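Reviewing the structure listed below.
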Amino acid sequence: MHLKSLTLKGFKSFASATTLRLEPGITCVVGPNGSGKSNVVDAIAWVLGEQGAKALRGGKMEDVIFAGTSGRSPLGRAEVTLTIDNSDGALPIDYTEVSITRRMFRSGEGEYEINGDRCRLLDIQELLSDSGIGREMHVLVGQGRLDGILHAKPEDRRAFIEEAAGVLKHRKRKEKALRK
Ligand code: ATP
Ligand code: MG
């Protein structure tokens, strides 16, 4: 399993649809300051379900939508699609390629899709939960994050280990069932 491509449309500085093709192995993104490198990483966090504006380096969620420049008017929505190569069947779904899409409108309304079919964020989280990719799955290691893990409270560190071992999903399901 590997990330195959990322398409940004109206997301932050990417007003026009832009697709990055990713190959297995290491990809480096280079460019001058302010050219949008970190925005690409924000897009991955966002499509995986990030709900915090601050984690996306914004003040409010709407800040992910292209806000306009001197030569271009603002857009009404942001859309990101992450395509994952699933030819090894690592994701429990019967497709060799899985596309996850998130869309958000200025009204605040949002949508998620798996391979073009509308779904809930929960469906995406469940699909990815044993794969090592996911919103809180430490795929994105920001500055200071390693320090954070090393200095975490024991229960937080336990959650981290449980997640890595793939049992967090079952615990979350159990907690949800018990709440009903
Ligand atoms: P550095 O090398 O300094 O880390 P970078 O390549 O990571 O730079 P980013 O932080 O990804 O740069 O991009 C910042 C740019 O994105 C800024 O010019 C900012 O104005 C622009 N930007 C962020 N959000 C939006 C938005 N909603 N609409 C339009 N432009 C945006
Ligand atoms: Mg940056």
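Residues are listed down the side, and each one gets a yes or a no for (1) more than 16 Å from residue 104 (Cβ to Cβ); (2) over 14 Å from the mean Cα position of the chain (by Cα); (3) more than 16 Å from ligand 2 (Cβ to nearest atom):
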| position | (1), (2), (3) |
| --- | --- |
| 50 | no, no, yes |
| 59 | no, yes, yes |
| 62 | no, yes, yes |
| 72 | yes, yes, yes |
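Annotation: of all residues in the stretch 47-76 being touching a Pro at 6+ places or on another chain (Cβ under 8 Å) and among the aliphatic types (A, V, I, L, M), the one that is farthest from residue 100 (Cα to Cα) is 67. In the stretch 41-50, is there at least one residue being touching a Gly at 6+ places or on another chain (Cβ under 8 Å), farther than 20 Å from residue 141 by Cα and surrounded by 14 or more Cβ atoms within 10 Å (Cβ to Cβ)? Among the residues of the stretch 41-50, not one is touching a Gly at 6+ places or on another chain (Cβ under 8 Å), farther than 20 Å from residue 141 by Cα and surrounded by 14 or more Cβ atoms within 10 Å (Cβ to Cβ), which makes the answer no. Within the stretch 1-53, the residues that satisfy the criterion of being hydroxyl-bearing (Ser, Thr, Tyr), within 16 Å of ligand 1 (Cβ to nearest atom) and outside any helix (DSSP H, G or I) are 13, 16, 18, 27, 35. Candidates 59, 71, 108, 76: the one that is surrounded by 11 or more Cβ atoms within 10 Å (Cβ to Cβ) and closer than 27 Å to residue 38 by Cβ is 76.
Values quoted throughout were computed directly from the atomic coordinates according to the rules given, and no laboratory measurement underlies them. If you're wondering where the values come from, they're calculated on a predicted model, not measured in any experiment. FYI the Cβ positions are ideal-geometry reconstructions off the backbone, even for glycines, and counts take in every protein chain you see.
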